[in-house]
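The values are calculated or read from the model by the stated rules, or taken from the named source; none is laboratory data. Not measured: the values here are computed from a predicted model. Here the Cβ is made from the backbone with ideal geometry for all residues, glycine too, and neighbour counts use every protein chain on show. The area values use the complete protein model at the heavy-atom level, side chains included, leaving out ligands, DNA and RNA. Shrake-Rupley method; radii C 1.70, N 1.55, O 1.52, S 1.80 Å.
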Amino acid sequence: MRLDNQNEVQPDILLRVDRSLGGRSVVGADDFLEGAPELIVEIAATSASYDLHDKKRVYARSGVREYLVALTYEQEVHWFVLRE
């Protein structure tokens, strides 16, 4: 998934809505998803700090509307919603 010129991330799960139905992402000619999907989910164990900080900032800056992080060791779920 390509969000911008600096970030090609590989989320565990994502949900995107087709552009014809109001979605904001598209599959490019090179088969990369371009633009922000509506929801990204990360399952985090050892990557929890990275997922809750660096990736969260990248996703918010790129316009991902909802971001869910499931922390396996802590048995917690953090759900972030981009408001503006």
Practice item. For the chain, just the Cα set please: Rg and Dmax, both in angstrom. Key: 12.8, 40
Review point. Amide H of V27: which non-local residues (sequence gap of 5 or more, or other chain) have their own amide H closer than 5 Å, using H built in the peptide plane?
Key: E34
Practice item. Give the carbon-plus-sulfur fraction of the accessible surface of the chain in %, rounded to a whole number; probe 1.4 Å, heavy atoms of protein chains only. Key: 50 percent
Review point. About the Cα centre of the chain, what is the dipole size in debye to 20, counting +1 per Lys and Arg Cβ and -1 per Asp and Glu Cβ, all else neutral?
Key: 300 debye
**Study point:** Residue of E74, E66, E34 that the Gaussian network model of the chain assigns the largest fluctuation, springs spanning Cα pairs under 10 Å
**Key:** E74
**Study point:** Whole-Hz ³J(HN,Hα) from phi, Karplus 6.51 cos²θ - 1.76 cosθ + 1.60, for region 49-57, glycine and proline x
**Key:** 4, 4, 5, 7, 10, 4, 5, 4, 5
Point to revise | Per residue solvent-accessible surface (Å²) - the chain, probe of 1.4 Å | key: 66 Å²
Exercise for review: Tell me what the chain gives for mean residue ellipticity at 222 nm when only DSSP H runs of n ≥ 4 count, each as -39,500 (n - 2.57), the sum divided by the residue total, rounded to 500 deg cm²/dmol.
Suggested key: -4000 deg cm²/dmol
Point to revise | FRET E, pair E84, I43, Förster distance 35 Å, beta-carbon r, rounded to 0.05 | key: 0.80
